[in-house]
Amino acid sequence: MTRKGSVGFLLLAPLCWSLTGMFVKFIPWSSWAIAGWRSLFSGLFLWLVFKTFFRSEFRLDWSRDNLLIAVFYSAFSTLFALSTKLTTSANTILLQYTAPVWVAFLGPWLLKEKTIRRDWIFIGITIFGMSLFLLNDMKIGEGRNDVLGLITGAACGFCWGMCVIFMRKKGAEGTPLSSMVIANFITPVYCLWAMFSVDFSDIGAAANLGWCAVLGIGPLGLGYIFYLLAINKVTALEAALIPSIEPLMNPIWTWLVVGEVPGFWTIVGGSVVLTVVLIRGWLSVRPQPEAGQTV
């Protein structure tokens, strides 16, 4: 795959992922139950796709880095569901995308990838745009707790940043396909209690289980495939920054389906993030100058 194709996949992945907040809000089950069932369906889907279409590349890899990817992703996906139930989709996705900060701080140490001045500027603008989301009113009560939601969202951002770092590190050896399969089979293990505490005699249980399957196979499964196939062709910062289009789309889908209206500052901040993402994406595919030339 060419570098331009990899960047294109990085843009498609967040478009898929942006639907997840809408589904988590829409499905009336607990966040633990949703996290467990959607991960189970996603893991089965990915295993089937990789075994069918990527047979020569796919094998269950139990190396340290691959397991770290799986553990951090499993924690990230569960924290995302918890945070989305506790606060708005916009707040959750905002904190998830503090990941580039963790990549910038830890990437040079773990990956030996230098963070250049231009990328620090892009990170600063991205954080500024996302911080505007927090100017919206905070609420506690009636099943919502913005404070706890922000704490779990912050932890979600850290876990995603670590996942990106180890994906990129593992990607230097080859596409880490099995990491997401392992991750999605880890989550149902510690969510098993919630998965089977659901009242399956309820008339809507079958439909909710179906929506969990759609969530695991569609937005998550396809998003994983796009992302994993691109990860070894881009830098860690590109892998964290380019998908930042998700914070703009996620609240829009949630508003359209469940009526959760994004605040004014969410719209302003999202516009800033989108602008940065488009500029960074253009710079990543622009032909690099030959040695001796100036930019």
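Quick notes on this structure:
- Sites counted here are GluC sites (Glu not before Pro) in a DSSP loop (not H, G, I, E or B) having no more than 10 other Cβ atoms within 10 Å; the longest part of the chain that contains none of them is 143-289.
- Considering only Cys212, Cys191, Cys159, the Gaussian network model of the chain with Cα springs below 10 Å gives its largest mean-square fluctuation to Cys191.
- Dipole magnitude of the chain, debye to nearest 20 (Cβ charges: Lys/Arg +1, Asp/Glu -1, about Cα centre): 780 debye
- Vicinal HN-Hα couplings computed from phi for the range 200-213 (Karplus, 6.51 cos²θ - 1.76 cosθ + 1.60; Hz; Gly/Pro x): 6, 7, 5, 5, x, 4, 5, 5, 5, 5, x, 5, 5, 5
- Length added when fully stretched, Lys114-Thr52, from 0.36 nm per residue minus Cα-Cα: 18.6 nm
- Checking the cross-link pairs Lys51/Lys170; Lys25/Lys233; Lys4/Lys112; Lys4/Lys114 against a 26 Å limit on the alpha carbon distance flags Lys25/Lys233 as lying beyond it.
- Derived scalar couplings ³J(HN,Hα) [the range 27-37; Karplus, 6.51 cos²θ - 1.76 cosθ + 1.60; whole Hz; x for Gly, Pro]: 6, x, 6, 5, 4, 5, 5, 4, 4, x, 5
- Largest GNM mean-square fluctuation across Val268, Val276, Val181, computed for the chain with C-alpha springs under 10 Å, falls on Val268.
- Spatially, the range 207-238 and the range 1-63 are offset by 3 Å when compared through their Cα centroids.
- Residues of the range 179-196 with an amide N closer than 19 Å to a point placed 7 Å from the Cα of Ala205 along the Cα-to-Cβ direction: 191-196.
- Loop-located chymotrypsin sites (Phe, Trp or Tyr not before Pro) in the range 25-118, at most 12 other Cβ atoms within 10 Å (DSSP): Trp62
Any read-out appearing in this document is the output of simple, stated calculations on the displayed coordinates, not a laboratory observation. All values reported here derive from a predicted model rather than from experimental measurement. A quick note on method: Cβ atoms are made from the backbone with ideal geometry, for glycine too, and the neighbour counts reach across all protein chains shown.
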